[in-house]
Amino acid sequence: ARAADTIADTRLIPTQERIHCLDLLAGPFQGLRKPSEVLLKILRNVPRHQNPSAENKLLEHLSACFEFLSRLSASEQDLIKEVVTGVIQ
């Protein structure tokens, strides 16, 4: 959810690119699988446009977040999916 908020809020990336990144970020939550390499490449480019921060570190390590998510129970994954898709929408 924090990664979606970071992407949505930055004004240092053009609007269309932010929308595209958010669409890609939503994809893994449809099946709760790891994000594609395309998603990782796009998200890794986001911090280059921003000042260093904890949010940037989160984006840079998003694949580890998805890996952790895959180890949670199905009910926990469903709750997280609901929150993240709500933030993205």
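General remarks:
- Estimated distance in nm for a label pair at Asp23 and His61, the labels positioned 7 Å out from Cα along Cα-to-Cβ: 3.0
- Computed accessible area, Arg2, all protein chains, 1.4 angstrom probe, square angstrom: 110
- Gain on full stretching of the segment that runs from Arg11 to Glu76 - 0.36 nm per residue minus C-alpha separation: 20.2 nm
The values are calculated or read from the model by the stated rules, or taken from the named source; none is laboratory data. The shown structure was predicted, so the numbers you read here are calculated from the model rather than taken from an experiment. For neighbour counting, all protein chains shown are included, and Cβ atoms are generated from backbone atoms with ideal geometry for every residue, glycine included. The area values use the complete protein model at the heavy-atom level, side chains included, leaving out ligands, DNA and RNA. Shrake-Rupley method; radii C 1.70, N 1.55, O 1.52, S 1.80 Å.
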